[in-house]
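Participant: First the structure, then my questions, so here it is.
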Amino acid sequence: MKENYGSRESRRYKEEASSEVPSFNDVTDHYQSILGVPDKKADINNMPKPLRWFAYFFYSVIIFGALIFIISMIVQR
């Protein structure tokens, strides 16, 4: 069965979008094309400054917590 993606512009958009995050099976392709799942990866540098600082803080807390966990596991031995 031949898939019809509509007009030439929508096919071109689908081809450009698929180059950003490739789908590895039919389910992810369905989510990207039909349900509207984002097809681009998040770029922190283009986010607003408060949100960007929150992301930096969040990543720092996770990394710091992982380091503390690893150090505590080593000290307990």
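Participant: Go through the range 57-77 and give me each residue that's open to solvent by 100 Å² or more (accessible area, probe 1.4 Å) and under 27 Å from Ile44 (Cβ atoms).
Facilitator: Selection gives Phe57, Phe58, Tyr59, Ile63, Phe64, Phe69.
Participant: Looking only at the range 14-40, count how many residues are at pLDDT 75 or above and outside any helix (DSSP H, G or I).
Facilitator: The qualifying residues number 1.
The values are calculated or read from the model by the stated rules, or taken from the named source; none is laboratory data. Fair warning: this is a prediction, and the values are worked out from it, not measured in the lab. Reconstructed Cβ throughout: ideal geometry from the backbone, glycine too, with neighbour counts over all protein chains shown. SASA here: full protein model, heavy atoms, side chains in, ligands and nucleic acids out. Shrake-Rupley method; radii C 1.70, N 1.55, O 1.52, S 1.80 Å.
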